[in-house]
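Structure first, then comments.
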């Protein structure tokens with residue numbers, strides 16, 4: 001009887017000791033790297049390693065040199081809405097940005113997923129190539145706004161800060177995420193860099209802003225851009241901003257092309273001066 005009581009007492013004492021130690025163990029657990037400072041900040045060797053990781057995991061969308069691609073913004077611009085600090089950028093790369101084409105680490109079919117150290121190296125690389133001083137606008141933003149919503153008719157397809165059309169991409173933030181040269185090219189040669197989506201059956205990113213022409217069995221024709229498409233159906237928005245959903249086996253024909261509905265604004269249609277004014281407006285709208 002005494003022995004049993006002694007064993008029970010010893011077990012109870014051990015439980016109490018373990019319980020008492022739990023708070024100390026909790027404090028011993030390291031914080032997430034996203035809550036810490038960048039361990040490689042200013043490290044040229046880490047930045048070089050980050051450039052290599054960037055090429056493998058990020059350049060598909062953001063372009064070589066991080067100057068922006070068909071889908072991802074220019075990361076050499078110092079002002080980034082989702083990455084004001086290094087920990088912010090670490091978190092963005094790790095978990096992605098919901099509702100956008102920015103995926104979480106290791107989920108976009110590119111690369112094999114990065115360690116925390118490799119993500120910090122990419123952050124260090126991006127910081128090392130940022131252009132600290134914003135470029136001075138080439139044109140007049142007020143005049144550009146009049147053109148955007150007026151004679152240039154950009155607002156017929158594009159929206160800025162809630163005002164405009166829905167056929168083309170929302171341009172509210174494009175002036176803060178793309179270089180001036182990229183904006184000029186997208187207006188002068190809109191079909192030059194349409195963003196390719198991933199081609200796997202389980203692709204995360206649908207093809208965006210491709211031109212689609214649909215002909216129904218009764219001969220009606222609809223032209224617009226694809227919103228969603230799978231093996232059996234297609235959803236589109238036409239040039240009148242009407243949404244349509246079609247079963248493919250009920251169509252007479254449908255054709256998707258890597259061509260933009262947007263016309264190429266050559267200098268005869270839009271002078272260099274007017275183009276610079278529109279770009280100045282887009283840059284001002286993104287502030």
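The values are calculated or read from the model by the stated rules, or taken from the named source; none is laboratory data. Computed from a predicted model, the values in this text were never measured in an experiment. Positions of Cβ are backbone-derived with ideal geometry, glycine not excepted, and every protein chain shown enters the neighbour counts.
Scanning region 131-158 for residues that are out of contact with any helix residue (DSSP H, G or I) (no Cβ under 9 Å at 6 or more places or on another chain) and either within 30 Å of residue 48 (Cβ to Cβ) or assigned by TED's automatic domain parsing to the domain that holds residue 47 (or both) returns 131, 132, 133. Within region 245-256, residues that are under 8 Å from residue 233 (Cα atoms) and in the same structural domain as residue 220 (by TED's automatic domain parsing) have Cβ atoms under 7 Å from residues that are loosely packed, with under 12 Cβ neighbours inside 10 Å and at pLDDT below 95 in these pairs: 247/232; 248/232, counting only partners at least 6 apart in sequence or on another chain. Looking only at residues of region 67-91 that are at pLDDT 90 or above and buried (at least 20 other Cβ atoms within 10 Å of the Cβ), we find that the one that is nearest to residue 191 (Cα to Cα) is 75. Number of residues in region 218-237 that are in contact (Cβ under 8 Å) with a residue 24 or more places away in the chain and either in contact with a helix residue (DSSP H, G or I) (Cβ under 7 Å, 6 or more places away or on another chain) or part of a strand (DSSP E or B) (or both): the value is 7. Evaluating residue 145 against the criteria (1) in contact with a strand residue (DSSP E or B) (Cβ under 9 Å, 6 or more places away or on another chain); (2) surrounded by 14 or more Cβ atoms within 10 Å (Cβ to Cβ); (3) at pLDDT below 95 leaves one unmet condition, (3). Assessment of region 21-38 against the conditions (modelled with pLDDT of 90 or more and either at positive phi or under 37 Å from the mean Cα position of the chain (by Cα) (or both)) yields at least one matching residue. Of the residues making up region 234-265, those that are surrounded by 13 or more Cβ atoms within 10 Å (Cβ to Cβ) and over 28 Å from residue 189 (Cβ atoms) are 244, 246, 248, 251.
Any residue at all in region 116-126 that's under 21 Å from residue 55 (Cβ atoms), surrounded by 15 or more Cβ atoms within 10 Å (Cβ to Cβ) and at pLDDT below 90? Looking through region 116-126, none of the residues is under 21 Å from residue 55 (Cβ atoms), surrounded by 15 or more Cβ atoms within 10 Å (Cβ to Cβ) and at pLDDT below 90.
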